[in-house]
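The values are calculated or read from the model by the stated rules, or taken from the named source; none is laboratory data. Being a predicted model, the structure only gives us computed values, none of them experimental. Virtual Cβ from ideal backbone geometry, glycine too; neighbours counted across all protein chains shown. Calculation scope for accessible area: heavy atoms of the full protein, side chains included, ligands and nucleic acids excluded. Shrake-Rupley method; radii C 1.70, N 1.55, O 1.52, S 1.80 Å.
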Amino acid sequence: MQTVRDAHVSNEYSTPLEFLSPVTRSLVADAIDDGDATRRGYYAPDVHTEFVSTTPKRTYYRVTTGAHDRASTTGYEYALEFGNGMRGPTDDDTVYRFDALPAHDRESLLGVIGIGHRVRDGHGTTLSVVFAYEREREREQSVFVPETDVQYVRWEGIPLRITFDGERSVSVADHTVTAERVADSTTAFAERLFETRGVVLDDLTAAQRDIVSQARNGMYEACKPHSDGFADLLDRLTLAGGEFASFARYEGDWYFAAVRR
């Protein structure tokens, strides 16, 4: 058990909207405005947490994602290289400005690049990016469909080397995001989590208070067969759905609670 503050709850269970990848951020922002938003493509939105928060006033939304109307199409897979060790472009190579690419090519690249931390840190690596489009017009406009020779894209001043790696059948779908407003402040958000994912530990026996005291100061460990007091404490830390509570209130304070078996 570790002491918890409202800000800790926010950091652990929500993601600021501005920290999402560009494509996901745009889709979630549309869902916040309209209740839901849908975009069709190969890459699914990646929200990381169940909740997102917006500024300047800290407002929290429960975000859910789903995919439907799946279909198969041809995907063109490329190796995307960047950073140390990458062979940079020569005068004979084609280098595209990222913002000059068709919008659907930009979205496909951003589906892999995300918010760009790995690209900006300078460490070399290789990622896989897939360009998969159902509509003929998008395929005709794409720089990468069908397969092309080695090309470079300059993203935020950083060259990305893109090499064709293969063609395969992939699935595209309508990806729908819904957003439900749940709290209008960090304190209100924490209170909601305490209510739905927390338990109150009161009326404990002396032995149980000793267990909780040890957990507050580090960790309490026990082997089976458990004592009646410890078994009862585990039951009290179990929510209606069968999972253990994320929070426990004891002597007026809330704590992160973790039970590991």
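Brief remarks follow.
- Residue in region 196-210 that is open to solvent by less than 70 Å² (accessible area, probe 1.4 Å) and in a strand (DSSP E or B) present: yes
- Subset of region 38-49 (residues that are in contact with a helix residue (DSSP H, G or I) (Cβ under 9 Å, 6 or more places away or on another chain) and over 19 Å from residue 114 (Cβ atoms)): 38
- Residues of region 111-129 that are over 23 Å from residue 73 (Cα atoms), of a type outside the set (A, V, I, L, M, F, W, C) and either open to solvent by 30 Å² or more (accessible area, probe 1.4 Å) or touching a strand residue (DSSP E or B) at 6+ places or on another chain (Cβ under 7 Å) (or both): 117, 118, 120, 121, 123, 124, 125, 126.
- Within region 151-170, being open to solvent by 50 Å² or more (accessible area, probe 1.4 Å) and either in contact (Cβ under 8 Å) with a residue 40 or more places away in the chain or on the phi < 0 side of the Ramachandran plot (or both) holds for 154, 156, 164, 165, 167, 168, 169.
- Qualifying residue in region 177-188 (condition: open to solvent by less than 50 Å² (accessible area, probe 1.4 Å), within 17 Å of residue 111 (Cα to Cα) and either at pLDDT 95 or above or assigned to a strand (DSSP E or B) (or both)): yes
- Set 145, 153: member being more than 22 Å from the chain's Cα centre (by Cα), under 25 Å from residue 40 (Cα atoms) and modelled with pLDDT of 95 or more: 153
- Residue in region 229-242 that is outside the structural domain of residue 13 (by the TED database), open to solvent by less than 80 Å² (accessible area, probe 1.4 Å), assigned to a helix (DSSP H, G or I) and under 22 Å from residue 190 (Cα atoms) present: yes
- In region 53-106, the residues that are β-branched (Val, Ile, Thr) and within 27 Å of residue 28 (Cβ to Cβ): 54, 55, 59, 63, 64, 65, 73
- Strands (runs of 3 or more DSSP E) fully within region 7-110 counting 3 or more residues that are open to solvent by 40 Å² or more (accessible area, probe 1.4 Å): 36-41, 59-82, 95-97
- Some residue of region 130-139 being surrounded by 15 or more Cβ atoms within 10 Å (Cβ to Cβ), within 24 Å of residue 84 (Cβ to Cβ) and of a type in the set (Phe, Trp, Tyr): no
- Filtering region 243-260 to residues that are open to solvent by less than 60 Å² (accessible area, probe 1.4 Å) and on the phi > 0 side of the Ramachandran plot leaves only 252.
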